[in-house]
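Have a look at the structure below, then the notes.
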Amino acid sequence: MWRASRNKFPAGPSEGLKRWSLGPLNNNPLEYFTKVAREYGDIAGMRVLNFKTIFINHPDLIEEVLVTNARKYSKGRVLRANRHVFGEGLLTSEGEFWLRQRRLAQPAFHRARIASYAATMVEYTQRMLNGWRGGEERDAHQEMMRLTLQIVGKTLFDADVERDAQAIFVPHWLPTPTNLRAKREIAQIEKILYRIIGERRASGRDAGDLLSMLLSAQDDDGSRMTDRQLRDEAITLFLAGHETTASTLSWTWWMLAQNPTMEAKLHAELDAVLGDRAPSLDDLPRLAYTGHIITESLRLYPAAWGMARLVVEDHEIAGYPVTKGMGVAMAQWVVHRDPRWYDAPEEFRPERWEDDLLKRLPRFAYFPFGGGPRQCIGNTFALMEATLILATIARKFRLRLVANHPVVPLASITLRPRHGVRVMLESREKKEAVSSSNDRQAAVAD
Ligand code: HEM
């Protein structure tokens, strides 16, 4: 399919650094990568400050990198630049150490285990809704961030972080070293974690959660994880496990508010399946459209909008030599909007996922959770959480966009709404109550 060209670096913007400065890459990476893909196709060579990177845009090439040749890559420098935050946690560690930690954490994410988190997800959402009133203006992104932080805290660490979540503004997980606010936020989360770890160690309680598993894990030599190792794992799960899902939901509210037909279909499904009760795990198979909305949201606004790897062993991609030290980049944002795989790719159409589109697509035409051995450990957790939260809230409220508030994507490590998503809450129940009493009055008048 690709013409082999030995000893050559693929054509790409690196050929014309005058035309392509670093400015557009930094200012708007989404637009930049889209443009490079449009101009150079499935494979493009880029040179960023003399660091050679191959940018791939075809699902089969992505599969080669993430799955087939996974062992020829490490995670690379983008994430490692954030090591002051993540340390040697699951997201950033490598090799034997990573494998051991991944095995250790895996049971907390087994399907049966995750099923037991569903009730907490719904309960915490309802607790949030108890404080919501129709007519109020709120930042949907901030609300989602607080909610998902509390859910991760409760499910994985059996800790109630509600008060902490109120104190933390909106933690961003791409804190540049100079970003003082972000540093303060990370320090705050760190404080919470050390408190939780300390309390658990002191009580010796086995809560049967992820934290207990990590605490009781022993190496062959009998040694246990240090506080620092625990801190790294915990902060990774706290950060990786809440902002991604929160952003997915924020984008969902934004798109639903602009697409009343889809919103009406969602409400019809919720009313038919749930009536006047809250959702539970057992309802998920029947909340198909609700699920498609989340799938579509992750296609158009993938919280992990792009990924990078560092080559650790020489080999070839599509006939081009890749050598140790080079980078390979891929962008969900670009692939998920490629007209070769999706009709009207820029349109929000949850219906496209009906009739098993996912099974008909090339495997890596849709990869919001990455793939291969480093695939997101929280994949099932996140999908269940997002669907349950969407169902619980949409049953009770419509979120209307506040006029003139700019909703713009900010592509740092995650893709989030730069200024949040300001919404006006509109109670659905009240409207229904009013309209049904109107109906009754009309019936009486008849
Ligand atoms: C919509 C929500 C989410 C999205 C889009 C997402 C996306 C991703 C992606 C793309 C990766 C792979 C990164 C790479 O290979 O370079 C990843 C890894 C990871 N995610 Fe998620 N994630 C989400 C939710 C979660 C949740 C809920 C948790 C935990 C509770 C979580 C924990 C992790 C961890 C620990 C890793 C590193 C896994 C490893 O390298 O072994 N994520 N995520």
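Throughout, read-outs are computed from the coordinates displayed, never taken from laboratory work. Just so it is clear, the structure is predicted and the values come from calculations on it, not from any experiment. Neighbour counts run over all protein chains shown; Cβ positions are idealised from the backbone, glycine included.
A compact table of results
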{"quantity": "Alpha carbon convex hull of the stretch 52-161, projected area averaged over orientations, nm²", "calculated": "11.0 nm²"}
{"quantity": "Residues with amide H under 5 Å from that of I317, placed H, sequence gap 5 or more", "calculated": "V322"}
{"quantity": "Under 5 Å, built H, 5+ apart or other chain: amide partners of G134", "calculated": "S427"}
{"quantity": "Estimated D of the stretch 230-348 in µm² per second, where Rh is the Kirkwood radius over Cα pairs and Stokes-Einstein applies at 25 °C, 0.890 mPa s", "calculated": "140 µm²/s"}
{"quantity": "Convex hull volume of the stretch 87-134 per residue (C-alpha atoms, cubic angstrom)", "calculated": "109 Å³"}
{"quantity": "Calculated over the stretch 383-429: convex hull of Cα atoms, volume per residue (Å³)", "calculated": "64 Å³"}
{"quantity": "Violating pairs (Cα-Cα greater than 30 angstrom) within the set K265/K359; K154/K265; K35/K359; K75/K359", "calculated": "K154/K265"}
{"quantity": "Helix axis angle, 428-445 relative to the chain longest principal axis, alpha carbon, degrees", "calculated": "40 degrees"}
{"quantity": "Tilt relative to the chain, helix 118-130 - C-alpha long axis, 0 to 90 degrees, to 10", "calculated": "60 degrees"}
{"quantity": "Between 0 and 90°, nearest 10: helix 288-300 axis offset from the chain longest Cα axis", "calculated": "40 degrees"}
{"quantity": "Computed log₁₀ I(q)/I(0) - Debye formula, equal Cα scatterers, no solvent, the chain, q 0.10, 0.13 Å⁻¹", "calculated": "-0.76, -1.25"}
{"quantity": "The stretch 94-168 - charge dipole about Cα centre, Lys and Arg +1 at Cβ, Asp and Glu -1, debye rounded to 20", "calculated": "360 debye"}
{"quantity": "Euclidean distance between Cα centres, the stretch 301-380 to the stretch 229-276, Å", "calculated": "21 Å"}
{"quantity": "Calculated from backbone phi, Karplus (6.51, -1.76, 1.60) coupling profile of the stretch 319-327 in Hz, x at Gly/Pro", "calculated": "x, 8, x, 10, 10, 3, x, 7, x"}
